[in-house]
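Data block below; observations after.
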C-alpha cells in the first residue's frame, strides 16, 4: 500500500505562538549556507535541502547533531519562500519524523509578520527574544 504523506504547513502567526510556547523548538533552515549566513532566525540549524537525507542518518559522516535524534521532537522547517521547506518536511516525514511542519511563506512571510508585529500595539514578536531575525 502506498501512503500519501500530507505535509502540514504553519503560518507565521502560528509559528510565533509555537516559539513562545516551546523555546526548544527545532527550527531547521534548509536554505544554502550563503543565504543562511546573510540572515536567519537565531538558534536555527542550517542543513541545505540537497544534504538533508544524509544529515538525518545516524552514523553518517554528514549527520547533523541533534537532527538524527529528533524523530519525536517538534520541527519547523523553513526556507526563503516555503517551497524548499515543504519538500524537506516531506523528506523528514518519509524518514519517520512525526512532528514536522513547514513554514508557509517562509522567511519572507516571517519577516513581514515580524515587522507588522513590532509596529502594532500588541507586540507578539517581542516574546521570542533570541528568536529574532538576525543578519
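No lab work stands behind these numbers, since they all come straight from the coordinates. Predicted model only: the values in this text are computed from it and were never measured. Here the Cβ is made from the backbone with ideal geometry for all residues, glycine too, and neighbour counts use every protein chain on show.
Taking 22 Å as R0, compute the FRET efficiency from the Cβ-Cβ separation of residue 18 and residue 73 and round it to 0.05.
Using R0 = 22 Å, I get an efficiency of 0.95.
Summarising the label geometry, the points placed 7 Å from Cα in the beta-carbon direction at residue 5 and residue 111 lie 2.9 nm from one another.
For a quick check: sort 83, 97 by the number of other beta carbons within 10 angstrom, fewest at the front.
83, 97
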